[in-house]
Amino acid sequence: MINLVVVIGGGVIGLACALRLRQAGLEVLLLDAGSPRTSASFGNAGHIAIEQTRPLASPEAARSASGRLFALGGALDFRLRDIRAWARWAPRYLAASTTQQAKAGEQALARLLASAMPAWRRLAADLGTPELLIEDGHLIAWETAASAEAGLAHWSNAETGAAAVHAMTAQQVDDLARRLGLRIAGAAMIMNTGQVSDPSVMMESLDRTFRSLGGQRRSARVVSLRPALQGTDVVLEDGEILNCTRAVVAAGVGSGALLEKLGYTAPVIAERGYHIEGRLEDHGTHWRDSPPVVFEDRSMIVTRFGDRLRASSFVEFGHEASPPDMRKWARLKRHCAELGLPMREPLSEWMGARPTLPDYLPAIGSGPGELVYAFGHQHLGLTLAALTGELVADLVTGRERSLALAPFDLSRFARRKPLNTERHGPK
Ligand SMILES: Cc1cc2nc3c(=O)[nH]c(=O)nc-3n(C[C@H](O)[C@H](O)[C@H](O)COP(=O)(O)OP(=O)(O)OC[C@H]3O[C@@H](n4cnc5c(N)ncnc54)[C@H](O)[C@@H]3O)c2cc1C
């Protein structure tokens, strides 16, 4: 057996882990099954959202769900065709959405988010592209006086960790509305948050740096993991078996199937989101200086990447591989047209799956057989990627960690211990 770490999953989490492990001096092989464009890491909104300390598993989120349904004009959807996927997940979500659990989750998530931006600064510097990280905060805009009042009241009282909320004055709102060509009734500036300049450029940069340091990458689907006499056997779809010292499961929604075969309880669901994207119209150059804007009445975030605007939304529970729901792109187009966003046709359309666990906390930890996992980052995978890479490298190398990982251990879902702890020879 060679001294090899295999990282499964080439999304932003797997890439950040692979790079940090390689920088720690380990032999690293990254395996990914799909095309990078289909992963959530490619199509996300690019927002470093350190203000989102409150997990979406909370009494208030559960209570408000029925009013946020897609059928009623909202962003939340449960696809009927995929009922088998979410009917098993939803009771776990409700059980995790108690006042007590949400408070504990908030404290745990806040600790991660407080370290997220510094970790991104270190990562962007190591990639040699500090300009990948833009720390200009973001805006929240409301379109009616009533929603502005309610939204400002909410954000002014919300726990936002290292981020700070500044309600804009009427004059500032007018200036913003004129500059961006919007009709809005209120807005807030959220300080200390940020964005990446382009998620796909950032992914390419991670991949390039990993390879330039001698990291290996292969296109392959892992079908199972087996404890071996020494280390772990990684079984590929074509039957090939790779033996490694440590395996890191960072396969987004795909992590659940791999870990459940090993006896873990890993109830990750595909929480699908959609975006449309178009180049800025010539008259839209004023968006070039804009940070991301959340249009809260429409549950939509608009981010500028280079000369493109991307509008993202929707929380659709279902199977990762189910066909997209075309109505969601149509709804996004309608929102953008109603807001008068300067996006030039043709608009590209994308759909991808956030990996989400019932308590809306990520799973970061290690289990029997030297297995390490890092997945389930829900709406915060980009935000937490740089930090997760560092934490996983600490776990694998045995370095001291600055953050306690107990709240993120998968054992929180377990009714029994992972079964497959016995070692056996290659089959
Ligand atoms: C519309 C939308 C907007 C978002 N906006 C933001 C945002 O603004 N900020 C933020 O922080 N987060 C955001 N997110 C969430 C974020 O994108 C995800 O949390 C993050 O990308 C998850 O990264 P990942 O690497 O865990 O998973 P993924 O990006 O899904 O990558 C997993 C990879 O594993 C591979 N894989 C799966 N199974 C196997 C297998 N068996 N063998 C080999 N490879 C396998 C897949 O091919 C894939 O490439 C958004 C998500 C969506 C959908």
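Any read-out appearing in this document is the output of simple, stated calculations on the displayed coordinates, not a laboratory observation. Since the model is a prediction, treat every value here as computed from it, not as a measurement. Glycine gets a Cβ as well: all are built from the backbone with ideal geometry, and neighbour counts include every protein chain shown.
In plain terms, the bigger the Kirkwood radius, the slower the diffusion; for the stretch 65-175, with that radius from Cα pairs, at 4 °C and 1.567 mPa s, Stokes-Einstein puts D at 71 µm²/s. Which whole-number percent of Cα pairs in the stretch 101-234 have a distance greater than 25 Å? Percent of Cα pairs beyond 25 Å in the stretch 101-234: 53.
Suppose every Lys and Arg Cβ carries +1 and every Asp and Glu Cβ carries -1, with no other charges. What dipole size does the chain come out with about its Cα centre, to the nearest 20 debye?
Around 1020 debye, computed over the chain.
When the charge dipole of the chain is built from unit charges on Cβ atoms (+1 for Lys and Arg, -1 for Asp and Glu) and taken about the Cα centre, the candidate among Leu309, Pro291, Gln378 whose Cα reaches farthest toward its positive end is Gln378. Given axes a ≥ b ≥ c from the Cα gyration tensor, I'd like to know whether the chain is rounded (a/c under 1.5), prolate (a/b larger than b/c) or oblate. Since a/c reaches 1.5 and a/b is larger than b/c, the shape of the chain is classed as prolate. Pairwise inverse Cα distances across the stretch 38-82, averaged and inverted, put the Kirkwood hydrodynamic radius at 13.0 Å. Which of the three applies to the stretch 195-274, rounded, prolate or oblate, going by the alpha-carbon gyration tensor with a ≥ b ≥ c and a/c under 1.5 meaning rounded? Cα axes put the stretch 195-274 in the oblate bin. Under the convention that each Lys and Arg Cβ holds +1 and each Asp and Glu Cβ holds -1, the size of the dipole of the stretch 219-346 around its Cα centre is about 140 debye. So what is the 222 nm mean residue ellipticity for the chain from helices alone, if each DSSP H run of at least 4 adds -39500 (n - 2.57) and you divide by all residues, rounding to the nearest 500 deg cm²/dmol? Mean residue ellipticity, 222 nm, calculated: -10000 deg cm²/dmol. Expressed as a whole number of Å, what is the distance separating the alpha-carbon centroids of the stretch 130-202 and the stretch 302-328? Rounded to whole Å, the Cα centres lie 21 Å apart.
Please state the relative contact order of the stretch 273-427 as a whole percent: Cα pairs under 8 Å, 6+ residues apart?
This gives 21 percent for the stretch 273-427.
Taking all Cα pairs closer than 8 Å and separated by 6 or more residues, the relative contact order of the chain comes to 26 percent.
Projecting the Cα atoms of Gly231, Ser156, Leu133 onto the charge dipole of the stretch 128-268 (Cβ charges, centred on the Cα centre) puts Gly231 farthest toward the positive pole. Dividing the Cα radius of gyration of the stretch 1-152 by its Kirkwood radius returns 1.02 for Rg/Rh.
The separation of the stretch 337-369 from the stretch 257-276, counted between C-alpha centres, amounts to 13 Å.
Taking other Cβ atoms within 10 Å as a rough exposure proxy, Arg401, Arg122 sort from fewest to most as Arg401, Arg122. Efficiency by 1/(1 + (r/R0)^6): what FRET value for Asn157 and Asp307, r their Cβ-Cβ distance, R0 = 25 Å, to the nearest 0.05? It comes out at approximately 0.10. When Arg54, Arg399 are arranged by Cβ crowding within 10 Å, least crowded first, meaning fewest neighbours, the order is Arg399, Arg54.
With charges only on Cβ, +1 for K and R and -1 for D and E, what is the dipole size of the stretch 1-122 about its Cα centre, in debye, rounded to 20? Charge dipole of the stretch 1-122: 120 debye, to the nearest 20.
Computed extension gain for Asp289 through Lys103, at 0.36 nm per residue and net of the alpha carbon distance, reaches 63.3 nm.
With R₀ fixed at 45 Å, the C-beta to C-beta distance from Ala257 to Asp174 puts the FRET efficiency at about 0.30.
Can you give the longest stretch of the chain with no exposed loop site, where a site means GluC sites (Glu not before Pro) in a DSSP loop (not H, G, I, E or B) with at most 13 other C-beta atoms within 10 Å? So the longest stretch without any such site is 241-399. Going from the fewest other Cβ atoms within 10 Å to the most, the residues Cys336, Cys244, Cys17 appear in the order Cys336, Cys244, Cys17.
Rounded to the nearest 5, what is the percent of antiparallel bridges among the DSSP beta bridges in the chain?
Antiparallel bridges make up about 70 percent of those DSSP assigns within the chain.
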